[in-house]
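> Pasting a structure below so you can have a look.
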Amino acid sequence: MTNLRIFFVGGLTSYRALFGWLSPWILIPTFLFTPLFQILLFVYIGRTAGVSDDRFFLIGNAVVNAAVPCLFAMGNTIGGERNAGTLPLLIASPASRVPLFLGRALPVILNGFLVAVFALVTGSLLLRVDIPPATWGGIAVAIAACSVSCTGLGLLGAAIALRVRETAVLSNIVLGILIVFAGVNVPIGAMPGWMQGVAEWLPMTHGIEATHDLAAGHRLGEVGGALLTELALGAFYALLGLGLLRWLEWESRAKATLDTA
Amino acid sequence: MRVLRLVGVAWWLQLKIRSRSAFDGLLSLLYPAFFATTIFMMFRQGDAAGPALLSAAVGSSAMGIWSAVSTTAAFALQTERRQGTLELLVLAPQPFALLLVPLTLSMATIGAYSMAATLLWGRLAFGIEIAIADPLIFVLSVVVTVFAIAMLGMLIAISSIRYRAAWALGSAIEMPVWLICGFLVALSDLPAWVRPLSSVLAPTWGVAAMRAAATGQSPWADLGWCLLTAAGYGLIATLVSRWMVHSARSHATLALS
Amino acid sequence: MSNPSSVNGSAALIAERQAAAPILAASQISTGYHGHAIVEDFDLDVHAGEIVALLGPNGAGKTTTIKMLITLLLPTAGRARVLGHDVVKESRDVRRKVGYVFGGDRGLYERLSGLDNLRYFAELYGVPPRESKQRVAELLELVGLTGREKERVEGYSRGMRQRLHIARGLLHRPEVLFLDEPSIGIDPVGARELRATVKNLVETGTTVLLTTHYMFEADELCDRIAVIAQGRIVALDTPHDLKQQVTTGTVLEIEVFGLADGLVDKVRAEPDVQSVMVDVRGQAEVLAVHARPGTDVTQTVMRHLDGSRFGRVITREPTLEDAYIELVNAA
């Protein structure tokens, strides 16, 4: 019971504390405006490059934008706690680490999900791309899976950010990697072999492919494997992240490296 | 002359500061490279070659100049505020707009480095031939574009002296400008209602000039328009800055608390 | 510490200065927001070569007042003139001639060296190019940072940063220097050097207005002190005269271990006791009993303490601190 409380209460409070300073002036440009323009940008570049497939670019860029809140918010959680000086309190609290951090993850996952869905819906209206209503349910599941796995990666990033001071730089680089490798603007099949190898291990790759399939009319059951891989990757990164946090915690006690001030 | 010296010294020192920062320095170099890479891949997938590919290379590498400015210009004054130096800048017996010029110019300079790095990357990783027809004019076009983008950056920066959340807006127009200014997409491919907007944005003319220089066409008209629009921004920024600083002094937003 | 013989001398000097036009004249200057006043009806005239302190607790409005006077904040009412220029309408003229130094870690470019910081501000504040190099070197010498100027500021200690701040504030040879809590967080040696530097500056003709909450600093350094509480001046006088204003007589300080309940109230109730304050110092509580002028409450208080354990007993004359506390509490 305590764990559940920590999960929900701790998570929500931390999220609000971080994003409490966000006014609509920040929320709307960051989460609504930018993803939409990214879609438009790549749709038009695609047309110029002679790879005209509006739906392909719409889906890829809409879904990858779920990564933005998932990566940055987790990074900011840790960064914010460090800046506020509450990090040692967080790490040292007797509450079990897992529900604590998972609790912080839930609002983030939801945020990512909503951003991607909004981008997809608005983008399809603007570009007059047809995504049959029957497929929306499955697509929602796929996007949710992407959000979850990205948050897992975000947790790993947040743990690394404890050591490397530049949280924002790290999150931006990961986002860049996703945009290049995760099959967002170039189909996985069209990438050189080594890039495909990297893509297999990244979040978003499988989820985006599944979304393409679902939008084309495949059933949820057919893409189940891809979605499970997505979730498994998320869990993998999250575990790595938690493991790293534990180790850094130990190391900080041994060598006083954890920046608390 | 004093003005030039002030801008020069301040520009140089600001460049030092930025190059020593991972966010301003390293990321400004790296981040556009990700976009350029995916764009190069898209063009290769579409079997682009020759002038089309070169055009794409020039456009996507120039994206770096804009993203270096758009992201940091919005934060610039917020950073100064957090450092406690914003008040010291306002206290200087200079027009505030003048002090902004070296700030955004240094960002655009880093963007220019990013452009060179991306072109090199295109050459090495994608085998794109950087066959610039008129290298000298090309470099001139780059310099003018850097200056023009810096002026646009000033407009973004000045709004954040009064409104602390203004950085989000600055960050949000990164991609729209890439699209609307024709960095990669021909203006004729964009909806007609966008054209007037493109024509008042200085980067549009700068990029057009760069492309003209690369393909051996005349860039002079484009350069002229670029300078004109850039001068316009400078003027607007000067007028707006006086009002903005006054407002910031009334509402006590120069300091953190 | 000011000694009696210098008191008369400085009184004459002050009278002489006041005859000349003030360098800084603030009249009913106020600011606030949403109906909440931060500084109200602030009146102050500062004359050439004076050192004036704004003394007050945290949140009294000292920094806000300074910021209004140096043109960083716009007052909502009242006017102020510095060196003959209005702070609102002629702000650039004011800025050319004033310097601003504030305490704390911020206000410098961390990634630049001390030297680069000074170079930057020298350009910004209009130091003529020909003079710039020499002036920077001169000031580095003055504040004792020669040899460390090429290091990045991010590696500077608080004391070094403070010294760099002073150098920065003096680059353009300001006629009026505003110091906002300059000794905060500085070790005693550094603070003493700072005070010496300020005194030297004044001797060479600079006028200084500083804010502080350190009593002894105001006492030692300043010609006049303006005591500020809750945004208003509650007293404006020389340190000596302020002490005279203290209406209490001697102060009796007793270290008590285990203060009995109700004891403080009983002591307060005594007719000759003006006020009682309790301060906790480690294991003991220090009872500071202010007696009515001309009375001696020692016996009375000791009677109440019969049965309690106590340590040191001191009687002393009221200090500036007592005056300050009394003035601030009355506000």
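The values are calculated or read from the model by the stated rules, or taken from the named source; none is laboratory data. Not measured: the values here are computed from a predicted model. So basically every Cβ, Gly included, is an ideal-geometry build from the backbone, and we count neighbours across all protein chains shown.
> Which ones in region B:119-151 are small (G, A, S) and at pLDDT 90 or above? Working first, answer last.
Filtering region B:119-151 down to residues small (G, A, S) leaves B:122, B:125, B:127, B:131, B:133, B:141, B:148, B:150.
Scanning region B:119-151 gives B:S141, B:A148, B:A150.
> Ok, one more. For region B:183-200, name all the residues that are surrounded by fewer than 23 Cβ atoms within 10 Å (Cβ to Cβ) and within 18 Å of B:F147 (Cβ to Cβ).
B:V200
> Is it the case that region C:58-78 has a residue that's surrounded by fewer than 17 Cβ atoms within 10 Å (Cβ to Cβ) and either under 30 Å from C:E220 (Cβ atoms) or free of Cβ contacts under 8 Å to residues at least 24 places away in the same chain (or both)? Show your work before the answer.
Within region C:58-78, the subset surrounded by fewer than 17 Cβ atoms within 10 Å (Cβ to Cβ) is C:58-59, C:76-77.
Next, from what is left, pick out any that are either under 30 Å from C:E220 (Cβ atoms) or free of Cβ contacts under 8 Å to residues at least 24 places away in the same chain (or both): C:58-59.
Yes, the conditions are met somewhere in region C:58-78.
> Suppose we filter B:V139, B:V194 for residues that are in contact (Cβ under 8 Å) with a residue 12 or more places away in the chain and β-branched (V, I, T); which single one remains?
Working: B:V139 fails: in contact (Cβ under 8 Å) with a residue 12 or more places away in the chain.
When all the criteria are applied, what remains is B:V194.
> Given the conditions (1) within 21 Å of C:L112 (Cβ to Cβ); (2) within 14 Å of chain C (Cβ to nearest Cβ); (3) assigned to a helix (DSSP H, G or I); (4) not acidic (D, E), which single one is not true for B:M107?
If we test B:M107 against (1) within 21 Å of C:L112 (Cβ to Cβ); (2) within 14 Å of chain C (Cβ to nearest Cβ); (3) assigned to a helix (DSSP H, G or I); (4) not acidic (D, E), just (2) comes out false.
> Report those helices (runs of 4 or more DSSP H) wholly inside region A:132-220 carrying at least 3 residues which are within 14 Å of chain B (Cβ to nearest Cβ). Lay out the reasoning, then the answer.
Details: elements: A:136-163, A:167-181, A:193-200, A:205-215.
The qualifying helices (runs of 4 or more DSSP H) are A:136-163, A:167-181, A:193-200.
> Among the helices (runs of 4 or more DSSP H) lying completely within region C:1-107, list those that include at least 3 residues that are at pLDDT below 85, of a type in the set (S, T, N, Q) and assigned by TED's automatic domain parsing to the domain that holds C:I166.
Details: elements: C:4-19, C:62-69, C:91-97.
Because the criterion is at least 3 residues that are at pLDDT below 85, of a type in the set (S, T, N, Q) and assigned by TED's automatic domain parsing to the domain that holds C:I166, the helices (runs of 4 or more DSSP H) in region C:1-107 that meet it are C:4-19.
> If I filter region B:222-229 for residues that are small (G, A, S) and within 14 Å of chain C (Cβ to nearest Cβ), do I get at least one hit?
no
> State all residues of region B:37-51 that are at pLDDT below 80 and either within 20 Å of the chain's Cα centre (by Cα) or facing chain A (nearest Cβ under 7 Å) (or both); if no residue qualifies, say none.
B:A48
> Let me ask something else. Give the number of residues within region C:163-195 that are under 15 Å from the mean Cα position of the chain (by Cα) and either aliphatic (A, V, I, L, M) or outside any loop (DSSP other than H, G, I, E, B) (or both). Walk me through how you get there before you give the answer.
Step one: of region C:163-195, the residues under 15 Å from the mean Cα position of the chain (by Cα) are C:177-186, C:191-192, C:194-195.
The next check asks that each one be either aliphatic (A, V, I, L, M) or outside any loop (DSSP other than H, G, I, E, B) (or both); those that pass are C:177-180, C:184, C:186, C:191-192, C:194-195.
Matching residues across region C:163-195 total 10.
> In region B:16-31, which residues are more than 7 Å from every other protein chain (Cβ to nearest Cβ) and either of a type in the set (A, V, I, L, M) or without any contact (Cβ under 8 Å) to a residue 60 or more places away in the chain (or both)? Walk me through it before giving the result.
To start, the set of residues in region B:16-31 that are more than 7 Å from every other protein chain (Cβ to nearest Cβ) comprises B:18-19, B:24-25, B:28-29.
Across region B:16-31, the qualifying residue is only B:L29.
> Could I ask something else about it? With a cut-off of at least 3 residues that are out of contact with any Gly (no Cβ under 7 Å at 6 or more places or on another chain) and surrounded by 20 or more Cβ atoms within 10 Å (Cβ to Cβ), name the strands (runs of 3 or more DSSP E) lying wholly within region C:224-331. Write out each step before concluding.
Numbers: elements: C:224-229, C:232-237, C:251-257, C:273-281, C:284-291, C:309-316.
In region C:224-331, the matching strands (runs of 3 or more DSSP E) lie at C:224-229, C:251-257, C:284-291.
> Checking B:F34 against (1) within 14 Å of chain C (Cβ to nearest Cβ); (2) free of Cβ contacts under 8 Å to residues at least 12 places away in the same chain; (3) aromatic (F, W, Y), only one condition comes out false. Which one?
It is condition (1) that B:F34 fails.
> Any residue in region C:125-144 that is away from chain B (no Cβ under 11 Å), modelled with pLDDT under 90 and touching a Lys or Arg at 6+ places or on another chain (Cβ under 8 Å)?
Yes: region C:125-144 contains one or more residues that are away from chain B (no Cβ under 11 Å), modelled with pLDDT under 90 and touching a Lys or Arg at 6+ places or on another chain (Cβ under 8 Å).
> Also: If C:V82 satisfies all but one of (1) crowded, with 24+ Cβ neighbours inside 10 Å; (2) without any contact (Cβ under 8 Å) to a residue 40 or more places away in the chain, what's the number of the condition it fails?
Unmet condition: (2).
> Right, B:Y163: at pLDDT 90 or above and either touching a Lys or Arg at 6+ places or on another chain (Cβ under 6 Å) or under 30 Å from C:L74 (Cβ atoms) (or both) or not?
Working: at pLDDT 90 or above: no; either touching a Lys or Arg at 6+ places or on another chain (Cβ under 6 Å) or under 30 Å from C:L74 (Cβ atoms) (or both): yes.
No: the conditions fail for B:Y163.
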